[in-house]
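Readers should treat all values here as calculations from the given coordinates under stated rules, not as data from a laboratory. Being a predicted model, the structure only gives us computed values, none of them experimental. Note: ideal-geometry Cβ built from the backbone for every residue, glycine included; neighbour counts use all protein chains shown.
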């Protein structure tokens, strides 16, 4: 009987692996390939099974826009074991006669259309305005013009990420001219079970205050709709589809800069109508602590038909450390501690997740070990039967 009990427990939860003992793959280190820093990861798996990593290639410093930076891409065709060298897929060069340091692109979001396989990578382009920041002051302003506002940009691939289109400017199609800023949220978008394409998005309203919302398409990306604002004073949101078809938006909340109490936590809202209306979720500001940092949210259906949610972020209220992945079995209502996995004790900041296969979760994140690290986690480690 005792042996049976031990075997049963092992079937439910494999023995935990210490963070320092886990295998990891360094995708890019600081200073490699002519880049000072690689930051802001997005991760997706294509219809062909290729893993695509997108990120900022920051050539001169770690600082945010404005600066010399492009959106870069690395591909892996062996489940994340090895990765191709980085190459820019969104580079505005010396547009308008200005130097590359005044034509920076940042904060990529990657979305794979599950129906036709097309890959969309969106990002923010800042033209001119040296020494400014798009989230502060006049770093971006009302209107659509390059001289006043940062731009919502998109590139596409129809061949598994091997080649990419020229950048398309979507600013006039999407941005309310009264807003100071409108941009994709970094990380990844989703294709819903009904084929809708959804990109988490963010901006600054007519008073310059931050907000989060959704940008979605019901016609395979031909036209796009910008939703109502989900929450004020939030940015860098992540979206996932819940079991009833509703969408959960999990948001970085600037109020957590000063709130280190029991109400510190990710802002969480749910919509049943693609952002026409929003409901504050029961776990809002409490279940998922954060040091004010991007996070990742991913929905996955197990072989038995059950849906689970994965969430990754630095599990700390004060510092970007303790990079942790959690799993919820009840559409995000609870996040059991015993089903969390610590990946990096000393570090961990921005992250993005994708399924490598039905049995394995992949995560790309900013680590204490290197600028960008990729790791795989077997679902059995969470106590799940794939």
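The ranking of 28, 127 from fewest to most other beta carbons within 10 Å of each one's beta carbon is 127, 28.
The mean sequence separation of alpha-carbon pairs under 8 Å and at least six residues apart, normalised by the residue count of the chain, gives a relative contact order of 14 percent.
The residues 90, 251, 196, 153, when put in order of fewest to most other Cβ atoms within 10 Å, stand as 196, 153, 90, 251.
May I ask you to derive the FRET efficiency for residue 303 and residue 148 from their Cβ-Cβ distance with R0 = 51 Å, giving the value to the nearest 0.05?
Details: r = 52 Å, r/R0 = 1.01.
About 0.50, to the nearest 0.05.
Label-to-label distance for residue 218 and residue 172 is 2.6 nm, based on points extended 7 Å past Cα in the beta-carbon direction.
Using a cutoff of 8 angstrom between alpha carbon atoms and counting only pairs six or more residues apart, the relative contact order for the stretch 68-181 works out to 20 percent.
Counting neighbouring Cβ atoms within 10 Å and putting the fewest first, the residues 35, 105, 293 line up as 293, 35, 105.
Given R₀ = 30 Å, what would the calculated FRET efficiency be for residue 263 paired with residue 225, taking r from the Cβ atoms and rounding to 0.05? Spell out each step's value before the answer.
On the way: r = 33 Å, r/R0 = 1.08.
Step by step, r from the Cβ atoms, then E = 0.40.
Compared with the dominant Cα axis of the chain, that is its longest principal axis, helix 2-12 is turned about 10°.
What FRET efficiency comes out for the pair residue 47/residue 244, r = Cβ-Cβ distance, R0 = 30 Å, nearest 0.05? In this case the efficiency is close to 0.70.
Could you work out [θ]222 nm for the chain from helices alone, using -39500 (n - 2.57) per DSSP H run of at least four and dividing by all its residues? Round to the nearest 500 deg cm²/dmol. Can you show the working numbers first?
Values: 2 runs with 15 residues, N = 386.
Roughly -1000 deg cm²/dmol at 222 nm, from the helical runs in the chain.
Please say if the stretch 17-382 is rounded, prolate or oblate, where rounded means a/c under 1.5 for a ≥ b ≥ c the square roots of the C-alpha gyration tensor eigenvalues, and otherwise the choice is prolate for a/b larger than b/c and oblate otherwise? It is rounded, given that a/c, with a ≥ b ≥ c, falls under 1.5. Of 122, 101, 351, the residue with the greatest mean-square motion in the GNM of the chain, using alpha carbon springs below 10 Å, is 101.
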